[in-house]
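Beneath this line is the structure, given in structure tokens, with notes to follow.
The values are calculated or read from the model by the stated rules, or taken from the named source; none is laboratory data. The model shown is predicted, which means the values in this text are computed figures rather than measured ones. Virtual Cβ from ideal backbone geometry, glycine too; neighbours counted across all protein chains shown. To get the accessible areas, we keep the full protein, side chains included, count just its heavy atoms, and leave off ligands, DNA and RNA. Shrake-Rupley method; radii C 1.70, N 1.55, O 1.52, S 1.80 Å.
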Amino acid sequence: MDWRAAWERVVRRGRTGEAALEALSDIGSLRRELDREELEAVRDARRARRSWAEIATRLGVSRQSAWEKWRDLDEEPAVEPVLAEAVDEMARVATGALVEVPDVVGMTWREARARLAEHRLHPLAADPELRRRLRPDSAAHVVTEQKPAAGERIAPHEAVTLWLREGPGDAGVPAPLEPRPDPRVRRGAVDEATGESVR
């Protein structure tokens, strides 16, 4: 549609009956187009963090009217915050804001917790069953493995998974089987040396 021609028809005076009807059609088309452009302008203004008062002033309406008409726009995900978060993350990596994972293998659970806390990291026992029963101050469980490994750089406040074995003196938690069964041996197999069934 030729919007300039439509506008000229709208503002023309002394129209005949048919011309007046055509002007009304033009007004309807122009109004719909202006409504779409108005919506996009308000959306852009809100994404740019402009206030409802500023928007209302430019449109010559009350702040309440503007908010009631377009408040749903605030529920749309904004592009800028997502981009800003990504930029912040890249900046943290570039400036060395990541923390280095300390070596806690060989430490007790209590010592490992304290060391990781110094580096703003959280310990997480790998065994879910043990995790439920493990006391925060346990000094008898010893770290045998960790992930991420010592020296890796990760974001602050992330978890470091720890594999633990139970040392002597930690009552209430059963010790693991030592030595552990060989997973390669099938149940029901026969020991070639003794001829006995393996259970």
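Please enumerate the residues belonging to segment 1-30 that are among the acidic types (Asp, Glu), without any contact (Cβ under 8 Å) to a residue 12 or more places away in the chain and part of a helix (DSSP H, G or I).
Glu8, Glu18
Sort out which residues of segment 1-44 are open to solvent by 70 Å² or more (accessible area, probe 1.4 Å), at pLDDT 80 or above and over 52 Å from the mean Cα position of the chain (by Cα), and write them in order of number.
Glu18, Leu21, Glu22
Report, by residue number, each residue of segment 143-159 that is in a strand (DSSP E or B) and under 13 Å from Pro123 (Cα atoms).
If the condition is that a residue be in a strand (DSSP E or B) and under 13 Å from Pro123 (Cα atoms), then Val143, Glu145, Gln146, Lys147, Ala159 are the ones that fit.
Consider only pairs whose beta carbons are under 6 Å apart and that are at least six residues apart or on different chains; among these, list those whose first residue lies in segment 111-138 and is at negative phi and whose second residue is of a type in the set (S, T, N, Q) and outside any helix (DSSP H, G or I).
Final answer for the pair search is Leu124/Thr161; Ala126/Thr161.
How many of the residues in segment 47-84 are part of a helix (DSSP H, G or I), modelled with pLDDT of 85 or more and more than 23 Å from the chain's Cα centre (by Cα)?
The number of residues fulfilling the criteria is 16.
On the basis of being in contact with a Phe, Trp or Tyr (Cβ under 9 Å, 6 or more places away or on another chain), open to solvent by less than 70 Å² (accessible area, probe 1.4 Å) and either at pLDDT 75 or above or not in a loop (DSSP other than H, G, I, E, B) (or both), does Val104 make the cut?
In short, no.
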